[in-house]
Amino acid sequence: MTDSHRLPLWHGRGLALVSILLIAVNLRSAVAAVSPVVEAIGADIDLNAMVLSVLGTLPPLAFATSGLFSPWFAKRFGLEASLAAAALAMALAYTIRSLSQEPAMFLTSSALGLAAAGVGNVLLPPVVKRYFPDRIGTMTTAYVIAIGISTMLPPALALPLTEAYGWRVNLGVWAIVALVAAVPWAILWLRHRASAADDGPELESSPDRLIGSVRRSRVTWALLIIHGVSSGTSYSTFAWLPPMLVAISGSSGAEAAALLTLYTVVGVVSTAVGPGLAARLRRQELIIAFGGVSLIAGYLGLLLVPTVVPWLWVALISVAQVNFSVMLALINLRTRDQRVTTAVSGFAQGNGYILGASFPFLVGALLTLTGGWLAPLVMLLVASGGALVGAVMLAGGRKVDDELA
């Protein structure tokens, strides 16, 4: 069933819709709620430079680890049970983190919460495949927007909550949000078990070899590359854009912060339109190519004429975030069997996060070695070409299932 043969969105699946949106709202709150109140946390817990460094590397590493193991969880316990457990694990982790008295407990609970969120990252595409095969573009857009909310809302609430009630309440409130998300997933899991007609058991009985076999697929590798470039440039931008702009464009600190906000806002819009376009276009690789060209143009502008309309170069880099949401939609659009969808999602996202995590480290290493921004920008420019490589690999409209056959 495709988007052209649509059922009403709430047609016997309203609970699934609510469940998907609630879990998506929790997928970035573990990171976003902490950074604005690090100083307040540090007044109670010794968050030295080493601890902060480890904390900064946790998200991509935890997401990568979860990506590699989530297909096994889905196979062993089922999609609904895995997502219910992930939501409960987030609630538990955020509760422990809000009560932490020492750095080790804070880091451990943060890692647990992020790993649980990573399970949601990987299993949302196959869940959409199961409940909304006729609304892949619509539902991918919906949960991508929900993920955007989970990125923007916690920082907006962090300071007011911390000033009024303390940092522990600021972090603890997200445990309640995660607990709320666990409830509908638990109900869906019970329904799934009770229904003999449900089409989900194939996941639980799927062969182990399927998870490894998707690495033979050209489409899977294309999605991995696209994800790695998209996440890597995004991590690098959030980590390094303000000091880079101050150094190369003459921007003040306030101007650089405003441009980072511009990057965030444009990115939310671009990621929101991506899945719908992917569901409507036969040649989705053209969207990926557009994102790659936009990324290359932005970095070329910063490299060659950084003082001329820097806002344009930042906006072009941000527009390229469309590739992230298109990649999520393509996990469904380029697979048929739900087992294949799960395996592709785990392999492409798990390894994509590993690739993406290397980008900000390389930027920092090159900056340290050369003392300037030329080498880091050249590295980002060259790496951006990976999006074009991914677009070429996607050409032809192939499905992963056909490649495996």
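In table form, for the structure just shown:
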| quantity | calculated |
| --- | --- |
| Within segment 264-282, considering residues that are under 20 Å from Gly396 (Cβ atoms) and either touching a Gly at 6+ places or on another chain (Cβ under 9 Å) or in contact (Cβ under 8 Å) with a residue 24 or more places away in the chain (or both), the one surrounded by the fewest Cβ atoms within 10 Å (Cβ to Cβ) | Arg282 |
| Evaluation of Gln101 against (1) open to solvent by 10 Å² or more (accessible area, probe 1.4 Å); (2) part of a helix (DSSP H, G or I); (3) at pLDDT 90 or above (one fails), failing number | (2) |
| Filter pass, Ile149 being touching an Asp or Glu at 6+ places or on another chain (Cβ under 7 Å) and on the phi < 0 side of the Ramachandran plot | no |
| The lone exception for Glu285 - which of (1) open to solvent by 20 Å² or more (accessible area, probe 1.4 Å); (2) more than 20 Å from Pro306 (Cα to Cα); (3) among the charged types (D, E, K, R) it fails | (1) |
| Selection within segment 117-135 - among the hydrophobic types (A, V, I, L, M, F, W, C), in a helix (DSSP H, G or I) and open to solvent by less than 10 Å² (accessible area, probe 1.4 Å) | Ala117, Val122, Leu123, Leu124, Val127, Val128 |
| Residues of segment 288-309 classified as among the β-branched types (Val, Ile, Thr) and either open to solvent by less than 10 Å² (accessible area, probe 1.4 Å) or not in a loop (DSSP other than H, G, I, E, B) (or both), total | 3 |
| The lone exception for Lys75 - which of (1) surrounded by fewer than 15 Cβ atoms within 10 Å (Cβ to Cβ); (2) over 18 Å from the mean Cα position of the chain (by Cα); (3) modelled with pLDDT under 90 it fails | (1) |
| Test result for Ala186, over 23 Å from the mean Cα position of the chain (by Cα) and either modelled with pLDDT of 90 or more or open to solvent by 20 Å² or more (accessible area, probe 1.4 Å) (or both) | yes |
| Residue satisfying all of: in segment 104-116; of a type in the set (Ser, Thr, Tyr) and surrounded by 21 or more Cβ atoms within 10 Å (Cβ to Cβ); farthest from Asn332 (Cα to Cα) among these | Ser109 |
| Some residue of segment 247-256 being open to solvent by less than 40 Å² (accessible area, probe 1.4 Å), in a helix (DSSP H, G or I) and at pLDDT below 85 | no |
| Residue match in segment 141-150 (condition: in contact with a Gly (Cβ under 6 Å, 6 or more places away or on another chain) and either buried (at least 23 other Cβ atoms within 10 Å of the Cβ) or not in a helix (DSSP H, G or I) (or both)) | yes |
| Boolean, Leu17 is touching a Phe, Trp or Tyr at 6+ places or on another chain (Cβ under 9 Å), over 22 Å from Leu171 (Cβ atoms) and of a type outside the set (Ser, Thr, Tyr) | yes |
| Residues (open to solvent by 50 Å² or more (accessible area, probe 1.4 Å) and part of a helix (DSSP H, G or I)) located in segment 37-55 | Glu39, Ala49, Met50, Leu52, Ser53, Val54 |
| Residue match in segment 197-220 (condition: of a type in the set (Val, Ile, Thr), assigned to a helix (DSSP H, G or I) and at pLDDT 90 or above) | yes |
| Scan of segment 151-175 for residues that are within 30 Å of Val273 (Cα to Cα), modelled with pLDDT under 90 and buried (at least 20 other Cβ atoms within 10 Å of the Cβ), ordered by number | Pro154, Ala158 |
| Matching residues, segment 19-36, being more than 19 Å from the chain's Cα centre (by Cα) and open to solvent by 60 Å² or more (accessible area, probe 1.4 Å) | none |
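The values are calculated or read from the model by the stated rules, or taken from the named source; none is laboratory data. Since the structure is predicted, the reported quantities are computational estimates derived from the model, not experimental observations. Every residue, glycine among them, receives a Cβ derived from its backbone with ideal geometry; neighbour counts consider all protein chains shown. Accessible surface is based on the protein model in full, side chains and every heavy atom, while ligands, DNA and RNA are left aside. Shrake-Rupley method; radii C 1.70, N 1.55, O 1.52, S 1.80 Å.
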